[in-house]
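Here's the structure we're looking at; comments come further down.
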Amino acid sequence: MTSINMKQLFFLIFSTLTCCTLPAQAQETATGTVFLDENNNGRMDPSEEGIPEVSVSNGREVVLTDDEGRYSLDIGKMEGNIFVIKPSGYRLPTDEQNHPKFYYLHKPEGSPELNYDGVEPTGPLPESVNFPLLKGEKDNQFSVLLFGDPQPYTKKEVEYFDRDIVAELQDVTSYDFGITLGDLVGRDMDLYPLYSKSVAKIGIPWFNVYGNNDINLDAETDRHADETFEATFGPATYSFNHGKAHFIILDDMIYPTEDDARMHYTLTRDQLLFVKNDLEHVSKDRLVVLAFHVPLFGSFKENSRRQLFSLLKDYSHTLSLSGHTHTQQIHFFGPEQGWQRITPHMHYNVGASGGSWWSGILGEDGIPPALMADGTPNGYAMLNVDGNTFTIDYKVAGKPADFKMSIWGPDVVAQNSWPTPQFYVNYFLGSEYTTVEYKLQDHEQWRPMSKVSERDPHAIELQYEWDNSKTLPKGKRPANPEKSTHLWKTWVPNDLSLGEYTVEIRVTDMFGRTFTDEFNYEVVEPK
């Protein structure tokens, strides 16, 4: 290969993949107006005006409204959807369950017959498909709630979710909106109404990502695998602006394929084309946040990830979010993985709100501990945006906001004994850019702890407690412990005088924030 370099080859391949992505079905043209709904009645009244330069998409192409707020866009004659891409400074209307209403689903004959209900027949395409927007404040500082997989399999587990997660967030005012990162339920999509009713109590607009447990498994094609999700929440691929941030929500699963019935974790040609066209209307100084269910590492298709990264190469401020693993991990992508900027791309794999599938021995409150396999307790995350920069936080369900880490160590150690016991710190938002230090209280300089790839002792302990019970505990067996990506350890000082000691722990995270904790132990004479 002498006359073309690898970069040119990549763009040649990408162009070939995406130049002809219109579906085979016949097209018709949707027209309408994006307008300011001043009286919030959902209709465009004679006195209400259109909004110019607003993006509207069919999931592939993206067009801007004209000076009068009008647009024209192709849509499949038999099925398709049109959605408005909310500009900053506006709000989307919501329904009674706080689902944002930003789309029109076009299915004249409705969804195919499936085990779970899909979209009812919509009839012919309306003469005008209008999108109302509400005036909102231009606030460049805001926070977003993030839920990893709630994934309740039963009504009882929806109750766990409601009592454990939602109850402490009811009627919050410090978050502009929320996003659940897929697996809203555990395959039983008849639970969607209960899930939605619970989340609605939080009282803020709530966006949803399509997960592998939200799939219509009896669908004959990938096109129809999200029918129940679409009927309840809208398109599985869409975007919107808020402040100086642009959010892109993507379905990153293909099931089934033409070749086999396996699930493939990747993006389609249409989705990559949508991202490309969408970003053409997004300023390069904006923060671009991508959200999908399956993380970009692991079994995600490398070629698809590289194509996505190529589309982001001109953006200095990016973040991607995922769920799926029921662990909590922060990954950084560099040139070896296809990232084309000097500063690595951060991917936050958010811990599950349902933890390890609502497992473990039921507590006194009747709720399982649901500790994840990497030792992260179940909870929820917060994305805090300031202009085009961000920080993230993680809140453990039912614990104080300053509970950032778990510590495991012995209560009693023998003086000068060998082998020397060790203690562990699991900082739930830890990464390769985290430092963890320790020192004896009032004694010495801070010393570094070693980052290790091991199983969390608390997770091991929970499973041991279950497996060694003489009678079957009430609940579900805890998940098998996995190596944690945010675990540190070191030796417990035991070359000390007899007595009680306090070890202070100091964590400094990737954002420069410092958190402290401590654990106590006693040095005794050997026996």
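No lab work stands behind these numbers, since they all come straight from the coordinates. On a predicted model such as this, the values are computed, not experimentally measured, just so you know. Heads up, the Cβs are rebuilt from the backbone with ideal geometry, glycines too, and the neighbour counts pull from every protein chain shown.
Residues of the stretch 342-373 that are touching a Phe, Trp or Tyr at 6+ places or on another chain (Cβ under 8 Å) and farther than 22 Å from Gly148 by Cα: Pro344 alone. Set side by side, the residues Asp252, Asp226 differ, and just one is of a type in the set (D, E, K, R), within 19 Å of Phe297 (Cα to Cα) and buried (at least 23 other Cβ atoms within 10 Å of the Cβ), which is Asp252. Taken over the stretch 231-245, the criterion of being in a strand (DSSP E or B) and more than 15 Å from the chain's Cα centre (by Cα) is satisfied by Phe240, Asn241, His242, Ala245.
Within the stretch 456-486, the set of residues being touching a residue at least 24 places away in the same chain (Cβ under 8 Å), outside any loop (DSSP other than H, G, I, E, B), surrounded by 19 or more Cβ atoms within 10 Å (Cβ to Cβ) and out of contact with any Gly (no Cβ under 7 Å at 6 or more places or on another chain) comprises Pro457 only. If the condition is being over 17 Å from Gln445 (Cα atoms) and basic (Lys, Arg), then the stretch 490-527 contributes Arg513, Lys527. For the stretch 307-372, no strands (runs of 3 or more DSSP E) sit wholly inside it while including 2 or more residues that are in contact with a helix residue (DSSP H, G or I) (Cβ under 6 Å, 6 or more places away or on another chain) and either free of Cβ contacts under 8 Å to residues at least 60 places away in the same chain or not hydrophobic (A, V, I, L, M, F, W, C) (or both).
Given the criteria out of contact with any helix residue (DSSP H, G or I) (no Cβ under 7 Å at 6 or more places or on another chain) and under 17 Å from Thr485 (Cα atoms), does Tyr424 qualify? Judged against the criteria, Tyr424 is not a match. For the stretch 258-296, a tally of residues being free of Cβ contacts under 8 Å to residues at least 12 places away in the same chain and more than 16 Å from Pro87 (Cα to Cα) returns 5. Within this structure, Ser88 fails the test of being crowded, with 21+ Cβ neighbours inside 10 Å and within 24 Å of the chain's Cα centre (by Cα).
Only one of the listed residues (Tyr438, Tyr394) is under 20 Å from the mean Cα position of the chain (by Cα) and among the hydroxyl-bearing types (Ser, Thr, Tyr). That residue is Tyr394.
In the stretch 232-257, the residues that are touching a residue at least 24 places away in the same chain (Cβ under 8 Å) form Cβ pairs under 8 Å with partners that are of a type in the set (Asp, Glu) and in a loop (DSSP other than H, G, I, E, B), at six or more places apart or across chains, as follows: Ala236/Asp226; Ala236/Asp251; Thr237/Asp251; His242/Asp176; Gly243/Asp139; Lys244/Asp285; Asp251/Asp226; Pro256/Glu220. So which residues in the stretch 96-127 are touching a Lys or Arg at 6+ places or on another chain (Cβ under 6 Å) and surrounded by fewer than 17 Cβ atoms within 10 Å (Cβ to Cβ), if there are any at all? Listed by number, the list holds a single entry, Thr122.
Among the residues making up the stretch 153-189, those that are small (Gly, Ala, Ser) and either in contact (Cβ under 8 Å) with a residue 60 or more places away in the chain or part of a helix (DSSP H, G or I) (or both) are Ala167, Gly182, Gly186. Note on the stretch 413-432: residues that are over 25 Å from Leu371 (Cβ atoms) and either in contact (Cβ under 8 Å) with a residue 40 or more places away in the chain or outside any loop (DSSP other than H, G, I, E, B) (or both) amount to 6. Residues that are closer than 29 Å to Gly475 by Cβ, touching a Lys or Arg at 6+ places or on another chain (Cβ under 9 Å), hydroxyl-bearing (Ser, Thr, Tyr) and assigned to a strand (DSSP E or B) are absent from the stretch 385-392.
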